[in-house]
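Asker: Got a structure for you, written out below as structure tokens; questions coming shortly.
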Amino acid sequence: MRKHIPRIAAGLASVLVTGLAIALAWASAQQRASSQHDQYLMAAVGVVIVVAVHMLPSLRRRVHQFVLWPVWLLCFCLAGYGHASWFYLSAETAAEAREAGSAVVVAAARERAAIEQALGTIKARPVAQVARQLSLTTDPDRRAALADELAEARRAAGLRDRLVSVSGYTSVTSGVHPSTPGVQPNTGASTGASTGASTGVTFVMSVAAALLIEVLGALLWFVALAGDDDEKDRAPARAEPVQHVVQQMVNVLAPIMSRPAQVSAVEEVDDLAELRAAVARGECKPSVRGIREYMCVGSARAAQIRQQLIDH
């Protein structure tokens with residue numbers, strides 16, 4: 001049971017990675033296609049390609065190599081393109097949203113400065129004070145001057161209300177307190193100072209993440225599905241050399257153990273006569289190798305018997 005734990009863990013991880021890749025393929029199709037019909041078709045194609053990339057290496061023993069790997073490489077490139085496009089477009093969309101927010105903050109800060117400048121030019125007293133004095137004055141010239149001052153006071157009150165709203169919005173969006181003097185929102189890093197470098201880094205990271213997901217999924221499925229086949233293939237490879245050595249030892253020891261330690265002269269004559277008859281019948285070749293194989297003796301003994309055969 002313990003030896004199956006790594007394969008079970010690899011199987012669970014492969015399912016998770018394949019599910020993530022399928023979700024990325026679906027999101028990429030939704031992002032690139034315009035109509036709903038095209039979105040469904042592109043999503044289905046992306047899912048098939050992702051499954052092929054993750055499963056094809058596990059079929060290496062059932063499909064010819066010259067067919068398997070070109071198809072896998074093509075699917076790998078297509079799946080990587082889909083994932084990379086999703087990563088890149090998502091990063092670009094987020095950057096554009098940040099830039100738009102920064103532009104709004106800059107506009108609000110400029111409006112706040114303009115309002116403060118306009119308020120600095122207005123010298124009118126508060127609206128309530130001017131209105132009270134206007135109601136008590138009967139001189140026409142004085143009333144005209146108070147009326148103009150009342151208009152300026154009301155304009156100043158409207159600008160103060162606008163300043164309060166703009167300052168509150170700026171503090172919420174930029175994280176800077178509106179009363180902090182000399183502090184302006186920093187928008188250089190997100191608007192233009194590092195746009196080119198950020199785009200390049202985003203592209204490289206998108207491609208790397210896409211390829212990593214596909215390679216990881218294929219590797220996990222390879223480990224999860226190919227464990228038994230590899231063990232079966234390695235077992236005969238380890239057993240074959242041992243069987244071969246044992247068979248060689250049996251072939252060498254069998255002739256030695258089958259013959260007696262000492263051979264009498266009569267038995268030697270009989271063996272020589274039998275060998276001569278076998279040579280005449282063509283059953284044995286009159287060579288050291290032929291005698292050794294026919295009589296099951298060693299090379300030295302076969303050479304001695306051949307010499308006796310030649311002498312007779």
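The values are calculated or read from the model by the stated rules, or taken from the named source; none is laboratory data. On a predicted model such as this, the values are computed, not experimentally measured, just so you know. Every residue, glycine among them, receives a Cβ derived from its backbone with ideal geometry; neighbour counts consider all protein chains shown.
Asker: Can you tell me which residues in the range 18-76 are part of a helix (DSSP H, G or I) and among the charged types (D, E, K, R)?
Answerer: Arg32, Asp38
Asker: Considering the range 33-85 alone, what residues qualify as being β-branched (Val, Ile, Thr), out of contact with any Leu (no Cβ under 8 Å at 6 or more places or on another chain) and surrounded by fewer than 17 Cβ atoms within 10 Å (Cβ to Cβ)?
Answerer: Across the range 33-85, the qualifying residues are Val45, Val48, Val67.
Asker: Name the residue that is nearest to the chain's Cα centre (by Cα), counting only residues in the range 278-312 that are surrounded by 17 or more Cβ atoms within 10 Å (Cβ to Cβ) and of a type in the set (D, E, K, R).
Answerer: Here the answer is Arg292.
Asker: Might you check whether a residue that is basic (Lys, Arg) and not in a loop (DSSP other than H, G, I, E, B) occurs anywhere in the range 124-137?
Answerer: Scanning the range 124-137, I find at least one residue that is basic (Lys, Arg) and not in a loop (DSSP other than H, G, I, E, B), so the answer is yes.
Asker: Separate question: Out of Pro57, Pro6, report the one residue that is in the same structural domain as Ala91 (by TED's automatic domain parsing), of a type outside the set (Val, Ile, Thr), under 17 Å from the mean Cα position of the chain (by Cα) and at pLDDT below 90.
Answerer: Sole residue among the options that is in the same structural domain as Ala91 (by TED's automatic domain parsing), of a type outside the set (Val, Ile, Thr), under 17 Å from the mean Cα position of the chain (by Cα) and at pLDDT below 90: Pro57.
Asker: Sticking with this one: Can you name the condition, by its number, that Val105 falls short on among (1) part of a helix (DSSP H, G or I); (2) without any contact (Cβ under 8 Å) to a residue 40 or more places away in the chain?
Answerer: With (1) part of a helix (DSSP H, G or I); (2) without any contact (Cβ under 8 Å) to a residue 40 or more places away in the chain applied to Val105, the lone miss is (2).
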